[in-house]
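The values are calculated or read from the model by the stated rules, or taken from the named source; none is laboratory data. As the structure is a prediction and not an experimental result, all values here were calculated from the model. Don't worry about glycine lacking a Cβ; one is built from the backbone with ideal geometry, like all the others, and counts go over all protein chains shown. The area values use the complete protein model at the heavy-atom level, side chains included, leaving out ligands, DNA and RNA. Shrake-Rupley method; radii C 1.70, N 1.55, O 1.52, S 1.80 Å.
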Amino acid sequence: MKRDLEVIWHPCTQMKDHETLPLIPVKSGKGIYLYDFDGKSYIDAVSSWWVNLFGHANEKINSRVKAQVDTLEHVLLAGFTHEPAVDLAHKLVALTPKSLKKVFYVDNGSSAVEAALKMSYHYHLNQGKSKSVFLSLTNSYHGETIGALSVGDVALYKETYAPLLIANMQVPVPINQSIASANEALEVLEKVLEEKSDEIAAFIVEPLIQGAGGMHMYHPIYLEGARVLTKKYDVHLIADEIMTGFGRTGKMFACEHASISPDFMTLSKGLTGGYLPLSVVMTTDDVYQAFYCDYNEHKAFLHSHSYTGNPLACAAALATLEIFEESDILGENRKKSVYIKKKLEKFIALSNVKEVRQQGMVTAIELQGYDAKERIGLKIYEYALSEGVLLRPLGSVIYFMPPYIISYKEIDTMIEVAFEGIKSIASM
Ligand SMILES: *Cc1c(COP(=O)(O)O)cnc(C)c1O
């Protein structure tokens, strides 16, 4: 811990907090557990920031990555190709909504969002239109590089950097999971598109669940409506499924709940089962063709990252997709989410619980009656850690997003610890 604090500046952290809040050195991981150097175990109830699907040190993924490291660890993807990248791209095209036919490899979530924004802008430019504004939802999160931050709407992350951001506008996200609120929000979307679609390149959304925005959830009918409207007004729809992809919402991709096919889909996080950084932008043949011409016409998408399509990461992703193919993961998850929902009924009786909401394998408990300065989430985080559960909250929202391999007994433990933590604070 001491050697760490001498040299490491941690992400998303006020480093001074660590004068009183100890860092947790993790020695190893197995399944849903993380182990520290004293042999204490922690249930990874947030899947290590939403990336892990099938547990730590998963045997199947381990063996694929080990085999790949002895074969080809990395090669540039410009002018060269390799089998894991090709196999993975074919699988992704087959799995995602039908209009998505091309895979552009990137290496992390924010960079995938950047690439999608640039592609959308450039597509319109190649069609002779200059559209340089991006539309997004209030309370959204799409990453923290400058472009991705611009289309996000979490003030805590965005405000400071306002002078650096690219042109962006927000329309209201539906206030809850009701159809009525989705329809209200669609009315505003239509008005904005009617007035401004000449300037707007794309509308980017987190389908169904706004993750970093406190696990805020809305009805799929909003996505259906947004797809119709964006088509009508010649604005791209970017589905940022970086968090919601690969089964989190109950279907393989959240867009499937609304049976929509976006113009772009960004994927990362669960893509490699939580092993290695990798991301993709999936897009349509129409978008691809807008860049396809003789070199001297200068329409190519000249965007790259050094580790684009890294073979080790692709191998981890292939192993992850094989696990989905070999057993009925989504079916098992459906049963687990029904079980979790039932177990959470008793939370709503607590005076400091405002709402419990769920979408697939994401369940959130929103607390009420606290001032932001109280950092109530932090108190529950510390309590849960002492009880062997890693529950990193978002403000006053406590949520469960465990690896899919969690057992029913482990679900009981995870929920009981959260319940005791929230209850003890309610009576304070
Ligand atoms: C995490 C996340 C990102 C950013 O991905 P990073 O790999 O952390 O840069 C973008 N969009 C959504 C919806 C996310 O949840």
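Structure summary
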| read-out | value |
| --- | --- |
| 17 Å Cα-Cα reach of K373 towards aspartates and glutamates, excluding residues that sit fewer than 8 places from it in its own chain | D17, E382 |
| Listed residues F301, L186, A162: farthest to the positive end of the dipole of the chain (Cβ charges) | L186 |
| 222 nm mean residue ellipticity, helices alone, for the chain (DSSP H n ≥ 4; -39,500 (n - 2.57); rounded to 500) | -11500 deg cm²/dmol |
| Per residue, in Å², the accessible surface of the chain once ligands and nucleic acids are set aside, probe 1.4 Å | 46 Å² |
| Inter-label distance, nm, simple model (7 Å from Cα along the C-beta direction), D17/D286 | 4.4 nm |
| When each of K131/K251; K379/K409; K91/K343; K27/K269; K60/K251; K251/K379 is checked by Cα-Cα distance, pairs over 27 Å | K131/K251; K91/K343; K251/K379 |
| Computed over the chain: relative contact order in percent, which uses C-alpha pairs under 8 Å that are six or more apart | 21 percent |
| Whole-percent carbon and sulfur share, accessible surface of the chain, 1.4 Å | 55 percent |
| Helix axis angle, 59-69 relative to the chain longest principal axis, alpha carbon, degrees | 50 degrees |
| C-alpha long axis of helix 311-326 to longest principal axis of the chain, angle in ° | 70 degrees |
| Ordering of 220-230, 272-282, 237-247 by packing [mean C-beta count within 10 Å, highest first] | 237-247, 272-282, 220-230 |
| Alpha-carbon centroid distance for the pair region 67-88 / region 273-326, whole angstrom | 12 Å |
| Reachable aspartates and glutamates, given that their alpha-carbon falls under 19 Å from the alpha-carbon of K342 and they are not under 8 places away in the same chain | E332, E355, E366, E410, D412, E416, E420 |
| Computed magnitude of the charge dipole of the chain (debye, nearest 20; Cβ of K, R +1, Cβ of D, E -1) | 580 debye |
| Positive minus negative residues near S111 (Lys, Arg vs Asp, Glu; Cβ under 12 Å) | -2 |
| Modelled FRET efficiency - R0 25 Å, K342 with K423, Cβ distances, 0.05 increments | 0.85 |
| Protection-proxy order for peptides 74-85, 199-210, each taking the mean of Cβ atoms within 10 Å per residue, highest first | 199-210, 74-85 |
| On Cα atoms only, tilt of 220-232 relative to the major axis of the chain in degrees | 20 degrees |
| Proximal aspartates and glutamates to K98, defined as alpha-carbon separation beneath 18 angstrom and excluding residues fewer than eight positions away on the same chain | D87, E224, D240, E241, E256, D263, D285, D286 |
| Restraint check, K40/K346; K118/K191; K30/K102, Cα-Cα greater than 32 Å | K30/K102 |
| Loop-resident sites, region 328-375, for trypsin sites (Lys or Arg not before Pro), counting at most 16 other Cβ within 10 Å (DSSP) | R375 |
